[in-house]
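Worksheet: one structure, shown below.
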Amino acid sequence: MTTLNAERAAATHKRERAAKSSVGLGLRIRRNWQLYAMLAVPLIWLAVFAYWPMYGVIIAFKEYNVVSGIWGSPWVGLKYFERFVESYQFWRLIRNTVFLHVYELVATFPLPIVLALCLNAVRRKWFSRAAQLITYAPHFISTVVVVGLLVVLTNPNTGVTNQLLGLFGFGPVDLMGDSGLFRHLYVWSGAWQTMGFSAIIYLAALTSVPPELHEAAIVDGASRLRRMWHIDLPAIVPVAVILLILDIGRILSVGFEKVLLMQNNLNLDVAEVIDTYVYKIGLASAVPQFSYATAIGLFRSVIGLVLLVLANTFARRFARSSLW
């Protein structure tokens, strides 16, 4: 009897807490409706442009045609996934995409960290602001303009690069058409364009470092380089780990617009990546293959999700920092 009464009392208490919680939430919404209205805007955008389009993923499992629509098209299962994996393009696309992204990650990931540490250590504020302005500015240049600059600068006949090479006795070189130089041009032009803006995140993390740590290190005789290594760098490691996890999750996704603009018939053997291939067969071909393109895009997204989860697991275990 005593146990039954205790269970009833616990259930009653639970219902009362739930009622108070719902009343409290409604009261908070009425009191702060402006904040919830502002929160609703990005949530609506996320639902409309990020989650609702996922409805179209069904196309990957159907023989889609525009007349029948998504639900009227016949179901084919994993036909297009098998077709992609068994195609002669599969390993070439995977190799080109992974190699380009890994090269970009290894080459450009440390640069914003180094830049942020250097800017944070500069004593003269006018120099720091000038350096920030110079390094931030390329981020706001359109990708089309950046590729246009590359084309002009590397032109075999009138480009500045080839004119400089001519001074040293080297003949004109078609840098944009050389498949061996494509990845270098893509990665290092991207580093120039994004390094300064990416450093903002690390500079923001450095503002959380207590000044007392630097003062104590100075009293102990630590040099500026030692303070950067033992105080500033550990402060931005958690942020760097999170950004690294996100980059690993995008390993099968590279800059679609820039790669497409830099492609030509001479460098296509290394410049064709998954994103550009999906665009060509899904939209740019004479007979668009919607189902096949959707299947390839879904395959890429699933692999990216798996890599993201694995990277997060390793980071949580070894670096003690993770997304979740």
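The values are calculated or read from the model by the stated rules, or taken from the named source; none is laboratory data. Everything numeric in this text was worked out from a predicted model, so none of it was measured. We place every Cβ from the backbone using ideal geometry, glycine too, and count neighbours over all the protein chains shown.
Which of the helices (runs of 4 or more DSSP H) contained wholly in segment 219-324 include at least 2 residues that are touching a residue at least 12 places away in the same chain (Cβ under 8 Å), over 24 Å from Ser208 (Cβ atoms) and β-branched (Val, Ile, Thr)? Spell out the reasoning first.
Details: elements: 224-227, 233-249, 256-262, 268-271, 274-279, 290-314.
Qualifying helices (runs of 4 or more DSSP H): 274-279, 290-314.
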Count - residues of segment 207-261 that are of a type outside the set (D, E, K, R) and either under 30 Å from Gly304 (Cα atoms) or not assigned by TED's automatic domain parsing to the domain that holds Pro110 (or both): 25
Matching residues in segment 65-103 - criterion: being among the aromatic types (Phe, Trp, Tyr), touching a Phe, Trp or Tyr at 6+ places or on another chain (Cβ under 8 Å) and more than 21 Å from Thr276 (Cα to Cα): Trp75
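Yes/no matrix, rows are residues, columns are (1) buried (at least 19 other Cβ atoms within 10 Å of the Cβ); (2) modelled with pLDDT of 90 or more; (3) within 30 Å of Ser291 (Cβ to Cβ):
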{"residue": "Ala191", "(1), (2), (3)": "no, yes, no"}
{"residue": "Ala235", "(1), (2), (3)": "no, no, no"}
{"residue": "Ile245", "(1), (2), (3)": "yes, no, no"}
{"residue": "Thr276", "(1), (2), (3)": "yes, yes, yes"}
Cross-chain or 6+ apart pairs with Cβ under 7 Å, segment 151-177 first and under 16 Å from Trp188 (Cβ atoms), then hydroxyl-bearing (Ser, Thr, Tyr) and in a loop (DSSP other than H, G, I, E, B): Thr161/Thr154; Leu175/Thr154; Met176/Thr154
Given (1) part of a loop (DSSP other than H, G, I, E, B); (2) of a type in the set (Gly, Ala, Ser); (3) surrounded by 13 or more Cβ atoms within 10 Å (Cβ to Cβ), index of the condition Ala199 fails: (1)
Hey, Val98 in the same structural domain as Ser253 (by TED's automatic domain parsing), among the β-branched types (Val, Ile, Thr) and touching a residue at least 24 places away in the same chain (Cβ under 8 Å) or not: yes
